[in-house]
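Here's the structure, in structure tokens; my notes come after.
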Amino acid sequence: LKLKSLLSSLILTNAICLFAQNPIIQTHFSPDPAPMVYKDKMYVYTGDDIPGYDFYYMTKWRVHSSEDMVNWTDHGVPISLESFSWARDRAWASQCIQRNGKFYWYICAQTVNNDMAIGVAVSDTPTGSFKDALGKPLITTGSWDNIDPTVFIDEDGQAYLYWGNSHLFYVKLNKDMISFEGKITEIPQSVESFGGLRRPGKSDEVLQKQEKFEDVFVEGPWFYKRNKQYYLMYAGMTGRTECLSYSTSSSPTGPWKYQGKIMTDQPTNSFTNHGGIIDFKGKSYLFYHTGLLPGAGSYGRSTAIEEFKYNSDGSIPKIVMTKE
Ligand code: FUB
């Protein structure tokens, strides 16, 4: 009887998802996972794919947390398109970071001007309430490339925001985390830096004729530092679907050196892959997404996690998708 009442209270509150297996969240979709560790807890910020849609028409962002990587608490939907007066569709990938006791959640969305822009919401706690910090986008250049923000604060206090689709950009954020200094810089792409040439757009006929497209920077950058080395993981391309690849640098702004694919040729049942890497309680984890919930696919993506160990030279091993 006790078990029955515990189960019914879990169902009523929908507060705890007891899933140790992949995907870790099975009550709704959870694409584009961005992990953050704060005070002995792992938080994962995600988007929300809508069942039945055949494109990434997304409207909200979600948060879950865990102390043990097994039991996940659902913190609901702290922000949605309605939280940003300038946003009208495509609540795409995001990342949250803590600075001086405040939480800055960088998101991207389609604007009322019909392009993509990056905004930032701020809160006193990791789970909200979050408010649009600016009432307007932080990064807006009239381009569709303004997606997938990733943020990192270096040991000297300098914060960096990277983002991009096909083209990769960064700015140095000011200490307030809601403004930036200097100009937006585009990172040059080459076979040496990202394994292939920039993904061709429709007008890039010259690039299309070149051969080196086995791996390129596509989208979903994830920027972090480990043992004085900077890492940029991103969604690259393997044949018909995205893979996860990475490059490293001894400087936060490059030049980047391509290191290879981390996760490739996996039956993820999703065209996109989008990941984050983080250490927690002495272990390293890759967060990524798959379309492997029953009946799901490229537009019904869910967060999955793999534990891994860096090689002794700091390189990331090939990581194989598991169900547990
Ligand atoms: O989820 C929408 C978009 O798909 C993200 O912004 C990309 O990284 C890709 O995962």
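All of the numbers you see were taken from the coordinates with simple rules; none came from a lab. All values reported here derive from a predicted model rather than from experimental measurement. Ideal geometry is used to build each Cβ from the backbone, glycine not excepted, and the neighbour counts take in all protein chains shown.
Show me the GluC sites (Glu not before Pro) within the stretch 135-194 that DSSP assigns to loop and that have at most 15 other Cβ atoms within 10 Å of their Cβ. Intermediate values should be presented prior to the final figure.
Details: sites: Glu155, Glu181, Glu186, Glu192; in loops: Glu155.
Counting only loop positions with at most 15 other Cβ atoms within 10 Å, the GluC sites (Glu not before Pro) in the stretch 135-194 are Glu155.
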Those aspartates and glutamates that a straight Cα-Cα span of less than 16 Å connects to Lys39, excepting residues fewer than 8 apart in one chain: Glu67, Asp68, Asp124, Asp279
Highest-fluctuation residue, Lys39, Lys281, Lys131 considered, GNM on the chain with Cα pairs under 10 Å: Lys39
Dipole magnitude (debye, nearest 20) for the chain, charges at Cβ of Lys, Arg, Asp, Glu: 420
Cross-link pairs Lys257/Lys323; Lys136/Lys175; Lys228/Lys283; Lys41/Lys309 - those with Cα-Cα distance over 27 Å: Lys257/Lys323
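How high is the relative contact order of the chain, in percent, with contacts defined as C-alpha pairs under 8 Å that are six or more residues apart? Please report the intermediate quantities before stating the final value.
On the way: 842 pairs, mean separation 47.1, N = 324.
In percent, rounded to a whole number, it is 15.
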Gain in span if fully extended, Lys136 to Ser250, counting 0.36 nm per residue against the direct Cα distance: 37.6 nm
Placed amide H near Arg99: partners under 5 Å, 5+ positions off or other chain: Tyr104
The chain - mean residue ellipticity at 222 nm from DSSP helices (-39,500 (n - 2.57) per run, n ≥ 4, rounded to 500): -1500 deg cm²/dmol
Where labels lie 7 Å past Cα in the beta-carbon direction, separation of Ser315 and Val112 in nm: 5.1
Most fluctuating residue given options Gly52, Gly260, Gly119, as computed from a GNM of the chain linking Cα atoms under 10 Å: Gly52
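Based on the Kirkwood radius over alpha-carbon pairs, what is the Stokes-Einstein translational diffusion coefficient of the chain at 4 °C with 1.567 mPa s viscosity, in µm²/s? Each step should come with its number before you reach the end.
Values: Rh = 19.9 Å.
The calculation lands on 65 µm²/s.
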Distance between modelled label sites at Lys172 and Glu67, nm, 7 Å Cα→Cβ extension: 4.1
GNM result for the chain, Cα springs below 10 Å: residue of Thr127, Thr185, Thr248 fluctuating most strongly: Thr185
Sorted by Cβ density within 10 Å, fewest first, the residues Asp154, Asp48: Asp154, Asp48
